[in-house]
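Presented below is the structure to which this report refers.
The values are calculated or read from the model by the stated rules, or taken from the named source; none is laboratory data. Given the structure is predicted, the values throughout are model-derived calculations rather than measurements. Methodologically, a virtual Cβ is constructed for each residue, glycine included, from the backbone with ideal geometry; neighbour enumeration extends over all protein chains shown.
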Amino acid sequence: MQTDYGKLSWEEVRDIDKDRVVILNVSATEDHGPHMPLDTDTVLGMAVAEGVAKAIPDQVLVMPPISYGFNEHHKDFPGVIWIQPETLIAFVTDVTKSLAHHGFRRILLLNSHGSNHPVLDLAARKTVIETGILCVSASYWNLCSDKINAVRASDIGGIAHAGEFEAAIYKYLHPDLVHLEKAQNQNLHDGKSKFFNLDLARGGGKAMLMRWWSSVSPDGTMGDPALATAENGEAFLKAAIEETADLVREIRELPLLERKDHH
Ligand SMILES: [Zn+2]
């Protein structure tokens, strides 16, 4: 069964089950330390989306990814391509509105880059308001944080950006492209702070301050990539696919509710 949106013909789009959940991965092209490539967020996000498609092919369609994101705060590192948040919201909602126009009614914006999280939340809300269809946004690590914590080797602070989690998954997928000999652990967890710590699987970020990335990380890393293993990467990816598949099943069952104008 075809799960790749781009491989469908227009007649197939016309005739396809419109309750299939359309997954749109939005990522970034940016520094991931000296040990990982610029395309890390896209490779990982699409591995999750394609894993879900393989697991439940009759329930999903996977869109070509949007490989650029909201990350101007990274631009002191060579290679970063940044998109203004207003542009990204407009671009993503043009995609979702196109899908709605063709009759699709269940969309998952699957985020794989931290700073896209609030942007995609807004894009999803805007889609619901402007089209009436269902549009959900989720960052894939949030879906599987319990399972990440059951597997991880690093302490709190070890999974933030280009840290244990991302390095392990990329190493599992493409061992030749991850250079752990260049990786340095940069765990910036501050035990004294109640509000400003960030670990993708252990919470934090209760209050938000996003500084220039070059002010807080000497080489772009935040976390403990040197602890990454391909074995843990396989377990992390499996957890992300399982939980995202569960989310897809739930989105597919969500009722389409009518509005009621109380004027
Ligand atoms: Zn990343």
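Things worth noting here:
- Evaluating residue 147 against the criteria (1) touching a strand residue (DSSP E or B) at 6+ places or on another chain (Cβ under 8 Å); (2) farther than 17 Å from residue 248 by Cα; (3) among the charged types (D, E, K, R) leaves one unmet condition, (1).
- Residues located in the range 160-197, provided they are farther than 13 Å from residue 221 by Cα, out of contact with any Phe, Trp or Tyr (no Cβ under 8 Å at 6 or more places or on another chain) and hydrophobic (A, V, I, L, M, F, W, C): 173, 195, 196
- Some residue of the range 83-92 being surrounded by fewer than 22 Cβ atoms within 10 Å (Cβ to Cβ), touching an Asp or Glu at 6+ places or on another chain (Cβ under 8 Å) and under 29 Å from residue 246 (Cα atoms): no
- When 10, 82 are checked against the criterion of being of a type in the set (Phe, Trp, Tyr) and closer than 23 Å to residue 163 by Cα, 82 stands alone in meeting it.
- Filtered by the rule that a residue be surrounded by fewer than 22 Cβ atoms within 10 Å (Cβ to Cβ) and touching a Lys or Arg at 6+ places or on another chain (Cβ under 8 Å), the range 52-68 gives 56, 58, 59.
- For residue 29: the one exception among (1) closer than 19 Å to residue 167 by Cβ; (2) in contact (Cβ under 8 Å) with a residue 60 or more places away in the chain: (2)
- Of the helices (runs of 4 or more DSSP H) lying entirely inside the range 1-108, those containing at least 3 residues that are β-branched (Val, Ile, Thr) span 40-55, 85-101.
- Answer from 182, 147, 126, 194 - the residue that is of a type in the set (Lys, Arg), surrounded by fewer than 16 Cβ atoms within 10 Å (Cβ to Cβ) and modelled with pLDDT of 95 or more: 182
- Qualifying residue in the range 45-55 (condition: within 12 Å of the ligand (Cβ to nearest atom) and at pLDDT 95 or above): yes
- Hits in the range 109-123 - residues which are surrounded by 24 or more Cβ atoms within 10 Å (Cβ to Cβ), within 16 Å of the ligand (Cβ to nearest atom) and part of a helix (DSSP H, G or I): 116, 119, 120
- Qualifying position, being within 16 Å of the ligand (Cβ to nearest atom) and of a type in the set (Asp, Glu), among 164, 130: 164
- Filter result (within 16 Å of the ligand (Cβ to nearest atom) and polar (S, T, N, Q)) within the range 146-161: 154
- Subset tally (residues that are at pLDDT 90 or above, under 23 Å from the mean Cα position of the chain (by Cα), farther than 10 Å from residue 156 by Cα and part of a loop (DSSP other than H, G, I, E, B)) for the range 197-226: 8
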